[in-house]
1. Could you put Y97, Y136, Y405 in order of accessible surface area, largest first, with the 1.4 Å probe and the full protein assembly present?
2. Using alpha carbons only, how many angstrom separate the centre of segment 213-250 from the centre of segment 361-388?
3. Taking only C-alpha pairs under 8 Å that are 6+ residues apart, what is the relative contact order of the chain in percent?
4. Under the rule of at least 5 residues apart or a separate chain, name every residue whose amide H is placed under 5 Å from the amide H of F340.
5. Starting from the Cα coordinates of segment 56-136, work out the convex hull volume and express it per residue in Å³.
6. How would V101, V417, V121 rank on accessible area, largest to smallest, probe 1.4 Å?
7. Any idea what log10 I(q)/I(0) is at q = 0.22 Å⁻¹ for segment 337-383, Debye with uniform C-alpha scatterers and no solvent?
8. Over the chain, with every protein chain in place, what whole percent of the accessible area is carbon and sulfur at 1.4 Å, could you tell me?
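The values are calculated or read from the model by the stated rules, or taken from the named source; none is laboratory data. These numbers were taken from a predicted model, which means no experiment stands behind them. Don't worry about glycine lacking a Cβ; one is built from the backbone with ideal geometry, like all the others, and counts go over all protein chains shown. The area values use the complete protein model at the heavy-atom level, side chains included, leaving out ligands, DNA and RNA. Shrake-Rupley method; radii C 1.70, N 1.55, O 1.52, S 1.80 Å.
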Amino acid sequence: RCIPEFENAAFMVQMEATNTCGDNGMKVYCIQTSYGTSTRSCDSCQPGQFSSYYLTDLHYEQDNQTWWQSETMKEGIQYPNQVNLTLHLGKAYDITYVRIVFYSPRPQSFAIYKKTSEERVWEPFQYFSASCRDTYGVQEQRAAELGAETRALCTSEYSDISPLSGGNVLFSTLEGRPSAFTFDNSPELQEWVTATDLRISLDRLNTFGDEIFGDVQVLQSYWYAIADVAVGARCKCNGHASVCETQELPDGTRTRACRCEHNTAGRECERCLDFYNDAPWGRASPTNVHECKACNCNGFSNKCEFDKDLYERTGHGGRCIDCAENRDGANCERCKENFFQGSGDICLPCNCNPTGSRSLQCNAEGKCQCKPGVTGDKCDVCAPNHYEFTNQGCKPCGCNESGSYANTPQCDPQTGVCLCKQNVEGRRCRE
Ligand SMILES: [Ca+2]
């Protein structure tokens, strides 16, 4: 089994923020002290000063810290409005944890959402709230129950207003999920940790309750700010690659893809290479590499598909497609219908006459099966002493032997009139 290295998948990946202080012109914000302080120090944010770029840059330590910051409660960001931070990873990852370092106090309610693949919808990954039921309609729950392990949990653990700065949040994707101990045998949890996109939804600010008086400076002292977002993850390669390659597209976006081994292909090595469908695709586990195996088409095709029935019957699931040289069969091992194997293993057409043959399929010598009164390798003529070549075969002429010319019955193949001796007459030479 191959495993890509563990990394911070968010590092230097630009997140998108739906609200950033300074983006809509300079806005005043005040520093939060504790409740009851009447004099506040305030400043205004400059364009770019608190860009979402600072969410995933290097600096999150206390000194030399950089951070993203939203506008304030005065600008209307409080619940039911929200601020979203979105991270496009560029491909699927197996997420181990998401860690958020807040610069502001941690929110009263926020949530992490994910997409399992880029085409899918957002689904909840984890809720953090001091009011799980009121804000998210779910009960506070620290651990998942068996059978419901892919449900987002809600915790109040990180929702206190203190500390006023530097509060951490850690979401471990498998924590509290019983099947984490048998992860290799749990397709549900394997999908649960899979994400191509992550979203942090900041839903409700924590306050001291003093905002109800509407004091401008108080409102301006409530805002969201995050110093760092880290995503501990491995590039998802289903156990078939140990290297994940980054590609910068001309438009500046980043895509990544696994460097697949074991004859697999796809950005996540999620399928077999084109000619390697003889065994079913499978995720590699510590005990089974699940290598994709080449099809056997006897050199008559370079395309095949996996056929489950065939695999269960024979142990080889590769069904060849478009066999060359008039061949057919799962391994191109025989001639196509209505062909036969001539000398040198070459498949030749039977060319059975459709009017005179019982079937268009010939035998191994290329001989067709004729209808009554029909003859020829291809069943294309009436037999001697027969006439009228039709779908029913040929009719016997019934010539009288002693009346026939040279005592040999023979007739006109179209009309059926017999060929008689001199002085003998009649259609059948009986007169
Ligand atoms: Ca930072």
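1. Details: Y97 70, Y136 40, Y405 130 Å².
Largest accessible area first, the list is Y405, Y97, Y136.
2. 79
3. Numbers: 1092 pairs, mean separation 57.5, N = 431.
Once normalised by length, the contact order is 13 percent.
4. Excluding prolines and chain starts, which carry no amide H, the hits are L348, C350.
5. Working: hull volume 11.5 nm³, N = 81.
Convex hull volume per residue, Cα atoms: 142 Å³.
6. Details: V101 10, V417 65, V121 115 Å².
So, going from the largest accessible area down, we get V121, V417, V101.
7. Once normalised to I(0) and log-transformed, intensities are -0.63.
8. Values: 10630 of 22260 Å².
It is 48 percent, rounded to a whole number.
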